[in-house]
1. When only Cα pairs under 8 Å and 6 or more residues apart are kept, what is the percent relative contact order across segment 8-148?
2. Under 5 Å between amide H atoms, partner at least 5 residues away or on a different chain: which partners does LEU51 have, H built in plane at 1.01 Å?
3. With axes computed from alpha carbons, what is the tilt in degrees of helix 86-97 against the longest principal axis of the chain, rounded to the nearest 10 within 0 to 90?
4. Quick check: pseudo-label points 7 Å beyond the Cα along Cα→Cβ at LYS34 and SER22, how many nm apart are they?
5. For helix 133-143, what angle does its Cα long axis make with the longest principal axis of the chain, in degrees from 0 to 90 and rounded to 10?
6. Express the carbon and sulfur contribution to the solvent-accessible surface of the chain as a percent, rounded to the nearest whole number, probe 1.4 angstrom.
7. How much mean residue ellipticity at 222 nm does the chain get from its helices, if each DSSP H run of length 4 or more adds -39500 (n - 2.57) and you divide by all residues, to the nearest 500 deg cm²/dmol?
8. Does segment 1-127 come out rounded, prolate or oblate by the C-alpha gyration tensor, with a ≥ b ≥ c the root eigenvalues, rounded set by a/c under 1.5 and, if not, prolate when a/b is larger than b/c and oblate if not?
Amino acid sequence: MKIVPNLWFDNEAEDAAKLYTSIFKNSRITSVTKYPEAATEFSGKPAGSVLTVEFELDGNPFLALNGGPDFMFNESVSFEIPCEDQEEVDYYWSKLTENGGEESMCGWLKDRFGLSWQVVPRRLGEIMADPDQKKVEAATAAYLTMRKLDIATIEEAYASA
């Protein structure tokens, strides 16, 4: 069994799925359903407009729903992208902040649809698990000042402690 994140949009489900599948490798849209006539009165959406888009990001299933303006994304739910190197951090950061995305702190951002992402180097988890608290403190102090995480600067702070 796989748990499928269900993302609620007003009218942007298909645009979001197209963006996300263009960014992540091994990704695709698997299904698009349309609002039936019977749902138009309840939903306020016209018959034939996009209801759901099922898609995969690197093999992980997602569903995007055009449910209306009642619910908006916030930072209480985010998706973490564990990156191997600075090149990957830069790639995902750039792609997800372009065209109206917003940078936040400590590797967090919102894409143009308001969905929160954490673009984080895998190495940061290793650093944070080090039993040497001085090194952890130094690395933490470094990354707390950043928006997009800079692995070299974090490593430098970690090594110098």
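The values are calculated or read from the model by the stated rules, or taken from the named source; none is laboratory data. All of these numbers come straight from a predicted model, not from anything done at the bench. Virtual Cβ from ideal backbone geometry, glycine too; neighbours counted across all protein chains shown. The accessibility values were calculated without ligands, DNA or RNA, using every heavy atom of the protein model including side chains. Shrake-Rupley method; radii C 1.70, N 1.55, O 1.52, S 1.80 Å.
1. Once normalised by length, the contact order is 20 percent.
2. For LEU51, whose amide H was placed from the backbone, the distant partners under 5 Å are THR33, LYS34, TYR35.
3. Helix 86-97 sits at roughly 40 degrees to that axis.
4. 2.4 nm
5. 50 degrees
6. Roughly 51 percent, rounded to a whole number.
7. Calculated from helices alone, the mean residue ellipticity at 222 nm is -9500 deg cm²/dmol.
8. prolate
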